[in-house]
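Chemist: My structure is below; once you've seen it, I'll send some questions.
The values are calculated or read from the model by the stated rules, or taken from the named source; none is laboratory data. Computed from a predicted model, the values in this text were never measured in an experiment. All Cβ positions, glycine included, derive from the backbone under ideal geometry; neighbour counts span all protein chains shown. All accessible areas refer to the heavy atoms of the entire protein, side chains included, with ligands and DNA or RNA removed. Shrake-Rupley method; radii C 1.70, N 1.55, O 1.52, S 1.80 Å.
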Amino acid sequence: MALIEVSNLKKSYGKLDVLKQITFDVNKNDVVAVIGPSGSGKSTMLRSLIHLEEIDGGSICISGEYLVRDGIYSKPQEIKRITSKMGMVFQHFNLFPHLTVKENLELAPRLVKKELNAEIERRSKELLEKIGLSDWATAYPGKLSGGQKQRVAIARALMMNPEILLFDEPTSALDPELTGEVLQVMKQLAEEHMTMIVVTHEMGFAKEVANRVIFMDNGEIIESGHPTELFTNPKFERTKAFLKRSLK
Ligand SMILES: Nc1ncnc2c1ncn2[C@@H]1O[C@H](COP(=O)(O)OP(=O)(O)O)[C@@H](O)[C@H]1O
Ligand SMILES: [Mg+2]
C-alpha cells in the first residue's frame, strides 16, 4: 500500500480547471520532486494534500485513511488527524515574527498538549542542533537570514513528528548563496528516509536526491519517472521544452 494515494483529483477556481484528474502514488521513503511551469497547479496539488485547499472531485488517501473519497470529505476530526501526519514548509517560511526560534518550534506541540513540556523542549533542542542553529534559540526570526529562517521552518515542521513532509518551493525566495544550506538539510532528511514531496525549480536537487520526478503542466501530470530517465529521456514534447528552458 502506498503512503499517499491520489486519484482523479479535480480542482477548479470558477471556470479555471486548475487540477484535471491528477493521479499518483507516493511510497514510504520516496522523495518525489514536482516540477513544471508557473501556474501548472503544483502548489494547489500540494496544498490539497494537507487540506489547505478543498478539492472538487477525486480521492486522497494517506496511509490507508481517506482524507477525501470520491469528492466526499471525512469528518473534521478525522481530517485533523489525517493531515497531522504531514508537515509543510512554505516558500516564505511563515515563521511567527513575535516568537523566538525556540518558541516557533514549540508552539504547535504545546497547543496540541499531548506531550510533557520537558519532552517538547528536548526535541526542540535536538532539532536546533540538527539544523545547526542551537545558538539562535532565543533570537527572533527578524535577525535570521533567509536560509536560517527556512531551516527553522523545517525544524518546526519536524517538531510534530510527521510521516510526510511537503515542501512548496522552499528555496525560491532565497538568494542563490543561501539555497545550499537549506537543500543540505533536505538532503539529510532524505538520507534518513523521510518521505517527502518537494515542489522545486532546483533541478540539481531533483536529480541528486529525488527517486521520482513528476512533471506537471496546465493542471495535469504529463509524465513521471526516475530523474535519470526523465531528465535524459523525456517522452513528451512539453517535458522536453520545459527541461530545455530549466536546465540552461
Ligand atoms: N485562490 C485562487 N483563486 C483563483 N485562482 C487561483 C487561486 N490559486 C491559484 N489559482 C490559479 O490556479 C492556477 C494554478 O496555481 P498554482 O497551483 O499556484 O500553480 P503553481 O504552483 O504550479 O505555480 C494558476 O492559474 C493560478 O492563477
Ligand atoms: Mg506554486
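Chemist: Looking at region 28-45, I want the residues that are of a type in the set (Asp, Glu) and have a partner that is crowded, with 22+ Cβ neighbours inside 10 Å with Cβ atoms under 6 Å, at least 6 apart or on another chain. Which pairs are those?
Modeler: Close Cβ pairs (under 6 Å, with a partner that is crowded, with 22+ Cβ neighbours inside 10 Å) amount to Asp30/Thr195.
Chemist: Can you tell me which residue is modelled with the lowest pLDDT among those in region 197-216 that are over 15 Å from the mean Cα position of the chain (by Cα) and open to solvent by less than 30 Å² (accessible area, probe 1.4 Å)?
Modeler: Only one residue fits best here, namely Met203.
Chemist: Could you please give the count of residues in region 1-18 that are within 16 Å of ligand 1 (Cβ to nearest atom) and either open to solvent by less than 20 Å² (accessible area, probe 1.4 Å) or in a strand (DSSP E or B) (or both)? Working first, answer last.
Modeler: Going through region 1-18, the residues within 16 Å of ligand 1 (Cβ to nearest atom) turn out to be 6, 9-18.
Checking which are either open to solvent by less than 20 Å² (accessible area, probe 1.4 Å) or in a strand (DSSP E or B) (or both) leaves us with 6, 9-13, 16-18.
Qualifying residue count for the region: 9.
Chemist: If you check Phe236 against the conditions, is it over 19 Å from the mean Cα position of the chain (by Cα) and surrounded by 18 or more Cβ atoms within 10 Å (Cβ to Cβ)?
Modeler: no
Chemist: Among the residues of region 71-83, how many are β-branched (Val, Ile, Thr) and open to solvent by 30 Å² or more (accessible area, probe 1.4 Å)?
Modeler: Of the residues in that region, 1 qualify.
Chemist: Any chance region 170-177 includes a residue that's polar (S, T, N, Q) and more than 16 Å from ligand 1 (Cβ to nearest atom)? Steps first, please.
Modeler: Here is the first cut: in region 170-177, the ones polar (S, T, N, Q) are 171-172.
Keeping just the survivors that are more than 16 Å from ligand 1 (Cβ to nearest atom) gives none.
Checked against the condition, which is being polar (S, T, N, Q) and more than 16 Å from ligand 1 (Cβ to nearest atom), region 170-177 yields no hits at all.
Chemist: Still on this structure, I have one more. Checking the structure you have, find out if any residue of region 164-178 is more than 17 Å from the chain's Cα centre (by Cα), without any contact (Cβ under 8 Å) to a residue 12 or more places away in the chain and more than 26 Å from Leu243 (Cβ to Cβ).
Modeler: No: zero hits.
Chemist: Could you count how many residues in region 147-188 are assigned to a loop (DSSP other than H, G, I, E, B), within 16 Å of ligand 2 (Cβ to nearest atom) and not polar (S, T, N, Q)?
Modeler: Total satisfying the criteria: 4.
Chemist: Those residues that are at positive phi and away from ligand 2 (no atom under 16 Å from the Cβ), I need them from region 2-37; list them, please.
Modeler: Answer for region 2-37, where residues must be at positive phi and away from ligand 2 (no atom under 16 Å from the Cβ): Asn8, Gly14, Gln21, Asn29.
Chemist: Being assigned to a strand (DSSP E or B), of a type in the set (S, T, N, Q) and within 16 Å of ligand 1 (Cβ to nearest atom) is the filter here, so list the residues in region 189-237 that pass it.
Modeler: If the condition is that a residue be assigned to a strand (DSSP E or B), of a type in the set (S, T, N, Q) and within 16 Å of ligand 1 (Cβ to nearest atom), then Ser224 is the only one that fits.
Chemist: In region 38-52, how many residues are crowded, with 17+ Cβ neighbours inside 10 Å and either of a type outside the set (A, V, I, L, M, F, W, C) or within 12 Å of ligand 2 (Cβ to nearest atom) (or both)?
Modeler: Selection size over region 38-52: 10.
Chemist: State which residue is nearest to ligand 1 (Cβ to nearest atom) when the search covers only region 19-37 and only residues that are open to solvent by 20 Å² or more (accessible area, probe 1.4 Å) and assigned to a strand (DSSP E or B).
Modeler: In this case the residue turns out to be Lys20.
Chemist: I would also like to ask the following. If we keep just the residues of region 104-142 that are assigned to a loop (DSSP other than H, G, I, E, B), open to solvent by 90 Å² or more (accessible area, probe 1.4 Å) and out of contact with any Leu (no Cβ under 8 Å at 6 or more places or on another chain), which is farthest from Met160 (Cα to Cα)?
Modeler: Filtering region 104-142 for residues that are assigned to a loop (DSSP other than H, G, I, E, B), open to solvent by 90 Å² or more (accessible area, probe 1.4 Å) and out of contact with any Leu (no Cβ under 8 Å at 6 or more places or on another chain), the one farthest from Met160 (Cα to Cα) comes out as Thr138.
Chemist: Give Val101, Val68 a once-over and let me know the one that is among the β-branched types (Val, Ile, Thr), surrounded by 20 or more Cβ atoms within 10 Å (Cβ to Cβ) and in contact (Cβ under 8 Å) with a residue 24 or more places away in the chain.
Modeler: Val101
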